[in-house]
1. List the pairs whose first member sits in region 227-239 and is without any contact (Cβ under 8 Å) to a residue 60 or more places away in the chain and within 16 Å of ligand 1 (Cβ to nearest atom), whose second member is open to solvent by less than 10 Å² (accessible area, probe 1.4 Å) and of a type in the set (D, E, K, R), and whose Cβ atoms are under 9 Å apart, counting only residues at least 6 apart or on separate chains?
2. Return the residues of region 59-96 that are in contact with a Lys or Arg (Cβ under 9 Å, 6 or more places away or on another chain) and polar (S, T, N, Q); say none if nothing qualifies.
3. Within region 265-292, count every residue that is within 13 Å of ligand 1 (Cβ to nearest atom) and either charged (D, E, K, R) or part of a loop (DSSP other than H, G, I, E, B) (or both).
4. Among Leu130, Leu149, Leu184, which is the only one that is in contact with a strand residue (DSSP E or B) (Cβ under 9 Å, 6 or more places away or on another chain), away from ligand 2 (no atom under 16 Å from the Cβ) and open to solvent by 10 Å² or more (accessible area, probe 1.4 Å)?
5. Would you pick out the residues in region 315-335 that are touching a residue at least 24 places away in the same chain (Cβ under 8 Å), under 22 Å from the mean Cα position of the chain (by Cα) and in a helix (DSSP H, G or I)?
6. Across region 17-67, what is the number of residues that are in contact with a strand residue (DSSP E or B) (Cβ under 6 Å, 6 or more places away or on another chain), open to solvent by 10 Å² or more (accessible area, probe 1.4 Å) and more than 16 Å from ligand 2 (Cβ to nearest atom)?
Amino acid sequence: MTDQKKVIFNDVTLRDGMHAISHQYSKEQIAELTRVLDDTGVDIIEATHGDGLGGSSIQYGFSKETEKDIITTAVENVKNAKVGVLLLPGIGTIDHLKRAREWGASVVRVATHCTEADVSEQHIKAAGDLGMDTVGFLMMSHRAEPEQLLEEAKKMESYGASTIYVVDSAGALTMDDTRRRISLFKENLSTEIGFHGHNNLSLGVANSIAALEEGAGRIDTSLAGMGAGAGNTATEELVAVMNKMDIPHSIDLYKAMDAAENIMKPMMRRPVQIDRLSLTLGYTGVYSSFLLFAERAGEEYGVDPRDILTKIAEMGAVGGQEDWIIGVAQDLAKEKKQDSVTV
Ligand SMILES: C[C@H](O)CC(=O)C(=O)O
Ligand SMILES: [Mn+2]
């Protein structure tokens, strides 16, 4: 590492972590998590529905608390960190963003599928006009070759994003895949570069380190990896490795370990871990937040959720197409029934 600037930690416990708890954090839990996260030293705390502003819906699942309560609770309980929000154009609007800004959010990540940066133009420009730290977030980055991803990143840069992320939504990137994308960004963009990992193939920490070595300056993590699929890169795990490698940051390792163990893990409804289903997400390259949808559909229709995910991967589903899961489960159940009749 030649660049000795402190790495910025963007914590996603209260946003990606929402997926792992079906968006059901209570105000009290949000307040407690915000306080401990702030105390660990993270730079940015992202707090919204898992699918961002406007995400609370029948399609993505309703959150327990309102958008206003999620954001204002985080803002009221933070001392040092900035509060951020996620915005997927089409789910969230510029009006949502203006309200989030009024409630005290100062960072926004405008997220698009990796080949559709075009749809972020208005939202990135609006965020700039609102004086927010504006980040472009290219989801499902494994689905674009590095050169194509760079072209999309350049669009976000031209709209005014000051940081652009490689987002491994499916936890499907290998270390070499990560290096190739981040290094190309580093050579060709003048923005800061970020990396958002999921641990489905057990590469959350390794990919984050590879991204840092190639010049990323922002990294997403969460306590105990709380997040969709097998979770995100766990803060305490990454910090331990960064300490051993002398990579500078602002996190207190023991505080992060204690918060993960004492506060985060007891709140989990289902262990956030690599199991056959979350591993299948990484293996087939499916959006991590499809995990619980596939698990539920598998139970309801009596089919193996791995078959659902494999089919969903073949169909090339992207974030927002959660409803396809039911259709696939129904088709698989029908096929299963026909097979048993023929036999
Ligand atoms: C809406 C997604 O959960 C955003 C994200 O964290 C990802 O794509 O990964
Ligand atoms: Mn994610």
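The values are calculated or read from the model by the stated rules, or taken from the named source; none is laboratory data. Note that the coordinates shown come from a computational prediction; the quantities given were computed from them, not determined experimentally. Positions of Cβ are backbone-derived with ideal geometry, glycine not excepted, and every protein chain shown enters the neighbour counts. Ligands, DNA and RNA are stripped out before the accessible areas are found, and what is left, the full protein with its side chains, is counted by its heavy atoms. Shrake-Rupley method; radii C 1.70, N 1.55, O 1.52, S 1.80 Å.
1. The qualifying pairs are Thr233/Asp220.
2. Within region 59-96, Thr73, Asn77 meet the criteria.
3. 3
4. Working: Leu149 fails: open to solvent by 10 Å² or more (accessible area, probe 1.4 Å); Leu184 fails: in contact with a strand residue (DSSP E or B) (Cβ under 9 Å, 6 or more places away or on another chain).
Among Leu130, Leu149, Leu184, only Leu130 is in contact with a strand residue (DSSP E or B) (Cβ under 9 Å, 6 or more places away or on another chain), away from ligand 2 (no atom under 16 Å from the Cβ) and open to solvent by 10 Å² or more (accessible area, probe 1.4 Å).
5. Result: Ile325, single match.
6. Counting residues in region 17-67 that are in contact with a strand residue (DSSP E or B) (Cβ under 6 Å, 6 or more places away or on another chain), open to solvent by 10 Å² or more (accessible area, probe 1.4 Å) and more than 16 Å from ligand 2 (Cβ to nearest atom) gives 2.
Let's see how each residue does on (1) in contact with a helix residue (DSSP H, G or I) (Cβ under 7 Å, 6 or more places away or on another chain); (2) more than 30 Å from Asp176 (Cβ to Cβ); (3) outside any loop (DSSP other than H, G, I, E, B); (4) within 14 Å of ligand 1 (Cβ to nearest atom):
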site	(1), (2), (3), (4)
Leu86	no, no, yes, yes
Arg99	no, yes, yes, no
Val110	yes, no, yes, yes
Ser120	yes, no, yes, yes
Ile124	yes, no, yes, no
Glu151	no, no, yes, no
Lys154	no, no, yes, no
